[in-house]
Amino acid sequence: MKIVLSHLTKTFPGRGRGNRKKEDVIAVNDFNFEIPDGKLVGLLGPSGCGKSTTLHLICGLQNPTEGQIFFDEEDVTPLTPQKRGVGMVFQNYALYPHLNVEQNIRFPLENLKGSDKLSREEMHARVTEAAGLVQIDNLLDRKPSELSGGQQQRVAIARALVKLPRVLLLDEPLSNLDARLRLQTREEIRRIQQKTAITTVFVTHDQDEAMSISDLIVVMKDGLVQQIGKPQEVYDNPANLFVAKFLGTPPINLFKGRVEKGSLFLGEEAVLKLKQVPDQPVHVGIRPEGFILAENGSFTCRLSRPEVMGRDVSIVSTHPASLNPVIRSIVDAESCGHLSGDTVRFMLKPQKVFLFDQATGQRISFETD
Ligand code: ADP
Ligand code: MG
């Protein structure tokens, strides 16, 4: 089932009275998007950008100030969460401590009414299937306190799946897990999502997490959608400086530069020939993989140290035009042989270099020869 968000907006009134009244917070600001059927969409952005509010609006825990939500052609905006058929998983699992795993998973089925009401046998079959899907069928009689964090999160996912939801919503489901378990569980979520083909929205502030499991990512900032696309497309083609900075590890390297007579200047060096860009000051972003070590390269930096990271080497250097304390460039270990002295010279890969308007942060596209 597809989900359509149409001019979805949520404003929270500012607190206080008179002159001490704070400004209203626009948590979600005119969000328009059609989430395709059966896809996993990663909703990504820093804390406070409106991710949870968006999820709460989709599942019906909050009402929008403006706009509508459709599941396929059905306007679900006036419906209660129970009527929407959504499964929701929260960061803190929210399991019932006094119930065992089986009872926790079964809980949403106990309250079904009328024609939805299930027999004991039907409930048991559903619980067994959901538990099997997240591979906890051997833990059904344990209490939550007898489970690891990862297992608890699986119970929470099974509990969301047991209702056979039309939509699965996950709000930072991995934040309470340690690094290794986080990696494993995200693969797991991807597997379950692909197997069930439930349209899923996955909220995270971790770009790596969103990039690795999403069919599409939505990058948000201050309630506003910045860019929507396939993870690789957004990485390769960021719409603005915020998106470019938010995606990628190590992060993009930023510089103050200028375009002058068809060349991009960093400091006094012309590092790239550009076509059809008017002279202007710019912000420049260069991905760590956008540098090529070259003895006659046009971009000269002060070498701090090489850091070996297995297959690749991260060269740490500095430059007066850099907006970060250090520049990180990733090159393969073989090409570092001749690295010595105080300076290091690079050629730049044009498709890894992005220019941004210094005032607005909007991307300025360019062509090279
Ligand atoms: P995220 O999940 O991306 O961290 P949220 O959706 O929780 O962000 O919050 C977005 C903005 O809305 C924040 O500025 C937050 O303080 C504000 N906000 C969220 N919920 C409420 C609420 N119930 N009342 C007032 N402001 C809220
Ligand atoms: Mg949140």
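A few points about this structure:
- Subset of the range 94-127 (residues that are surrounded by 15 or more Cβ atoms within 10 Å (Cβ to Cβ) and part of a helix (DSSP H, G or I)): 101, 102, 103, 104, 105, 106, 107, 108, 109, 123, 126, 127
- Only one of the numbered conditions (1) in contact with a Ser or Thr (Cβ under 9 Å, 6 or more places away or on another chain); (2) within 16 Å of ligand 1 (Cβ to nearest atom); (3) closer than 20 Å to residue 171 by Cα is violated by residue 89, and that is (1).
- Residues that are touching a Ser or Thr at 6+ places or on another chain (Cβ under 8 Å) and within 11 Å of ligand 1 (Cβ to nearest atom), drawn from the range 17-35: 24, 25, 26, 27, 28, 29
- Against the numbered list (1) away from ligand 1 (no atom under 16 Å from the Cβ); (2) touching a helix residue (DSSP H, G or I) at 6+ places or on another chain (Cβ under 6 Å); (3) outside any loop (DSSP other than H, G, I, E, B), residue 145 comes up short only at (2).
- Selected residue (criterion: modelled with the lowest pLDDT) from residues of the range 164-183 that are of a type in the set (A, V, I, L, M) and within 16 Å of ligand 1 (Cβ to nearest atom): 174
- The lone criterion from (1) at pLDDT below 95; (2) surrounded by fewer than 20 Cβ atoms within 10 Å (Cβ to Cβ) left unmet by residue 325 is number (1).
- Qualifying positions in the range 58-109 - over 14 Å from residue 157 (Cβ atoms) and within 16 Å of ligand 2 (Cβ to nearest atom): 58, 59, 61, 62
- Selection of the range 293-316 for residues being under 29 Å from the mean Cα position of the chain (by Cα) and either over 23 Å from residue 235 (Cβ atoms) or of a type outside the set (Lys, Arg) (or both) yields 307, 308, 309, 310, 312, 313, 314, 315, 316.
- The range 30-44, residues that are farther than 25 Å from residue 191 by Cβ and either in a loop (DSSP other than H, G, I, E, B) or within 16 Å of ligand 2 (Cβ to nearest atom) (or both): 31
- Inter-residue pairs, beta-carbon under 7 Å, first over 14 Å from residue 175 (Cβ atoms) and within 6 Å of ligand 1 (Cβ to nearest atom) and in the range 40-51, second at pLDDT 95 or above and of a type in the set (Gly, Ala, Ser), 6+ apart: 49/223; 50/27; 50/223
- Any chance residue 210 is within 26 Å of residue 187 (Cβ to Cβ) and crowded, with 23+ Cβ neighbours inside 10 Å: yes
- Any hit, the range 184-203, residues being within 16 Å of ligand 1 (Cβ to nearest atom) and among the β-branched types (Val, Ile, Thr): yes
- When 268, 233, 260 are checked against the criterion of being more than 27 Å from the chain's Cα centre (by Cα), free of Cβ contacts under 8 Å to residues at least 40 places away in the same chain and under 18 Å from residue 366 (Cα atoms), 260 stands alone in meeting it.
- When we screen 185, 204, 200, 196 for residues that are farther than 21 Å from residue 363 by Cβ, among the polar types (S, T, N, Q), out of contact with any His (no Cβ under 7 Å at 6 or more places or on another chain) and free of Cβ contacts under 8 Å to residues at least 40 places away in the same chain, the only hit is 185.
- Which numbered condition residue 243 fails, given (1) under 30 Å from residue 65 (Cα atoms); (2) in contact (Cβ under 8 Å) with a residue 60 or more places away in the chain; (3) surrounded by 21 or more Cβ atoms within 10 Å (Cβ to Cβ): (2)
- Here 47, 52 are screened, and the one residue that is exposed (fewer than 12 other Cβ atoms within 10 Å of the Cβ), within 16 Å of ligand 2 (Cβ to nearest atom) and not in a strand (DSSP E or B) is 47.
The values are calculated or read from the model by the stated rules, or taken from the named source; none is laboratory data. Everything quoted here is computed from the prediction, not taken from an experiment. Using ideal geometry, Cβ is built from the backbone for each residue, glycine included, and neighbour counts are taken over all protein chains shown.
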